[in-house]
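J.: Dumping the structure here so I can ask a few things about it.
The values are calculated or read from the model by the stated rules, or taken from the named source; none is laboratory data. Please read these numbers as outputs of a predicted model, since none were measured by experiment. Don't worry about glycine lacking a Cβ; one is built from the backbone with ideal geometry, like all the others, and counts go over all protein chains shown.
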Amino acid sequence: MATERHVQSPDLIAVPGGRFLMGRENQRQDEAPAHEVVVAPFLAGRQPVANAEYALFVAATGVERPEFAREPRFSHPERPAVGVSWHDAFAYCEWLSKESGQAFRLPTEAEREWAALGGSADLDWGWPGALEAHPDFGRIASLNEPHEPSDACANGYGLRCMAENVHEWCADWYAKDWYARSPVTNPSGPAGGKRKVSRGGSWRHSTKFTRVTARASLDPGFRYNDFGFRLYSDGR
């Protein structure tokens, strides 16, 4: 007998594989050296996992939620779920994979940068035209809360809020010097470490975090009010 499924299929976008120059010279030290990377095709969530989706996981597993996550500005059903640690995000992917029958995961750092480019070879900020429309690009939200994603902030692949709204966890461990020793094909980060990579800016951070190549990292157990995540899949 087939297993009954109780979760709605996530809205995924097919991202083609390709070859690109990852990183950036003459920026922050951990973004160098710029180096060639090849990634295979994958599927990416159109937008970060929303509170309405994450609530099903919380109800099913009893995972702890920080007190601030109950505030109206952080609990709106269509806004990205925040207060999610790396461990929480990983567990959500495992849970959803079991419930849906499709394997979900967090992205590698290389996949996340490739997806953020949106098909452009040299996009620096967010989405085409973003910098012209929002000169203070890192603070286009309300400064007090995340917002509901829309196509107004979609990049060339149709992925929403890849540069702002919430920081997004990646699968990789962080190493400041990783780019000097990263393999070319489908790199997945160092074998171990103390902090996990995050990418993209957030509703309360400045432009330096919103650049496509900007790297950040955090203890995988921390739950912050501007950290969320996005689903990725190999399509299996």
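J.: Take residue 60 and decide whether it is surrounded by fewer than 16 Cβ atoms within 10 Å (Cβ to Cβ), part of a helix (DSSP H, G or I) and either over 20 Å from the mean Cα position of the chain (by Cα) or of a type in the set (A, V, I, L, M, F, W, C) (or both).
T.: Working: surrounded by fewer than 16 Cβ atoms within 10 Å (Cβ to Cβ): yes; part of a helix (DSSP H, G or I): yes; either over 20 Å from the mean Cα position of the chain (by Cα) or of a type in the set (A, V, I, L, M, F, W, C) (or both): yes.
For residue 60, the condition - surrounded by fewer than 16 Cβ atoms within 10 Å (Cβ to Cβ), part of a helix (DSSP H, G or I) and either over 20 Å from the mean Cα position of the chain (by Cα) or of a type in the set (A, V, I, L, M, F, W, C) (or both) - is met.
J.: Which ones in segment 158-175 are closer than 13 Å to residue 109 by Cα, in a loop (DSSP other than H, G, I, E, B) and charged (D, E, K, R)?
T.: none
J.: Follow-up. In the list 19, 73, 65, which residue meets the criterion of being over 27 Å from residue 176 (Cβ atoms), over 16 Å from the mean Cα position of the chain (by Cα) and not in a loop (DSSP other than H, G, I, E, B)? Spell out the reasoning first.
T.: Numbers: 19 fails: over 27 Å from residue 176 (Cβ atoms); 65 fails: not in a loop (DSSP other than H, G, I, E, B).
On inspection, the qualifying residue turns out to be 73.
J.: Would it be correct to say that residue 37 is in a strand (DSSP E or B) and either aliphatic (A, V, I, L, M) or buried (at least 16 other Cβ atoms within 10 Å of the Cβ) (or both)?
T.: yes
J.: Which residue, of 53, 111, 78, 145, is outside any helix (DSSP H, G or I), at pLDDT 95 or above and acidic (Asp, Glu)?
T.: Answer to the selection: 78.
J.: Turning to a different aspect of this structure: Of the residues 199, 195, 204, 230, which single one is surrounded by fewer than 24 Cβ atoms within 10 Å (Cβ to Cβ) and at pLDDT 95 or above?
T.: Testing whether each residue is surrounded by fewer than 24 Cβ atoms within 10 Å (Cβ to Cβ) and at pLDDT 95 or above leaves just 195.
J.: So residue 179 ticks every box in (1) part of a loop (DSSP other than H, G, I, E, B); (2) within 12 Å of residue 22 (Cβ to Cβ) but one. Which box is left unticked?
T.: The number of the failed condition is (1).
J.: Inside segment 116-139, can you point out the residues that are touching a Gly at 6+ places or on another chain (Cβ under 9 Å), part of a loop (DSSP other than H, G, I, E, B) and modelled with pLDDT under 85?
T.: Passing the criteria: 123, 126, 127, 128, 134.
J.: Starting from residues that are among the small types (Gly, Ala, Ser) and touching a Lys or Arg at 6+ places or on another chain (Cβ under 8 Å), keep the ones in segment 143-162 and report whichever is surrounded by the fewest Cβ atoms within 10 Å (Cβ to Cβ).
T.: Out of the qualifying residues, it is 150.
J.: Output the qualifying pairs, or none if there are none: Cβ atoms under 6 angstrom, residues six or more apart or on different chains, first residue in segment 152-179 and at pLDDT below 95 and small (Gly, Ala, Ser), second residue outside any strand (DSSP E or B) and crowded, with 21+ Cβ neighbours inside 10 Å.
T.: From residues that are at pLDDT below 95 and small (Gly, Ala, Ser), the pairs are 163/126; 163/200; 163/201; 163/210.
J.: Taking residue 48 and the conditions (1) within 19 Å of the chain's Cα centre (by Cα); (2) touching a residue at least 40 places away in the same chain (Cβ under 8 Å); (3) within 23 Å of residue 216 (Cα to Cα); (4) not in a loop (DSSP other than H, G, I, E, B), which numbered condition does it fall short on, given that it satisfies the others?
T.: Only one criterion is unmet by residue 48, namely (4).
J.: Please find, within segment 66-123, the residue that is surrounded by the most Cβ atoms within 10 Å (Cβ to Cβ) out of those that are more than 16 Å from residue 230 (Cα to Cα) and aromatic (Phe, Trp, Tyr).
T.: Ranking the candidates gives 74 first.
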